[in-house]
Amino acid sequence: MLDFLVMKEKQRQMLLINKKTDLDLFRTNLDETLTLTVRLRTFIEIVNDVEQLTNNIVKAAKAATPITPTGGNHEIAYPMEVRELVK
């Protein structure tokens, strides 16, 4: 069993930090994707279902969270002394 875990690629850490997430929409999206199945019997079934649950949570969160701009067109406000030196 440990060999299976070692062989799995290390995935990038995902973070959801946004106060604007619509939690009702998140709950609805997650409820729509959840499927309750019979009892899990093997380690592989558990790993696969945990991975599927994680993917469903991420998809529901992305769908319920508005995209926020990341920097880009923001102008940096330099102190007056620096602006005078550049002139």
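Derivation of every value follows stated rules applied to the coordinates shown; laboratory data play no part. Computed from a predicted model, the values in this text were never measured in an experiment. Note: ideal-geometry Cβ built from the backbone for every residue, glycine included; neighbour counts use all protein chains shown.
What to note about this one:
- When the charge dipole of the range 18-67 is built from unit charges on Cβ atoms (+1 for Lys and Arg, -1 for Asp and Glu) and taken about the Cα centre, the candidate among Thr28, Gln52, Thr65 whose Cα reaches farthest toward its positive end is Thr65.
- The stretch between Ile46 and Ile76, if pulled fully straight at 0.36 nm per residue, gains 5.8 nm over its current Cα-Cα span.
- Placing dummy labels 7 Å off each Cα toward the beta-carbon, the span from Val86 to Leu34 is 5.3 nm.
- Whole-number Å³ per residue for the convex hull built on Cα positions in the range 18-67: 69
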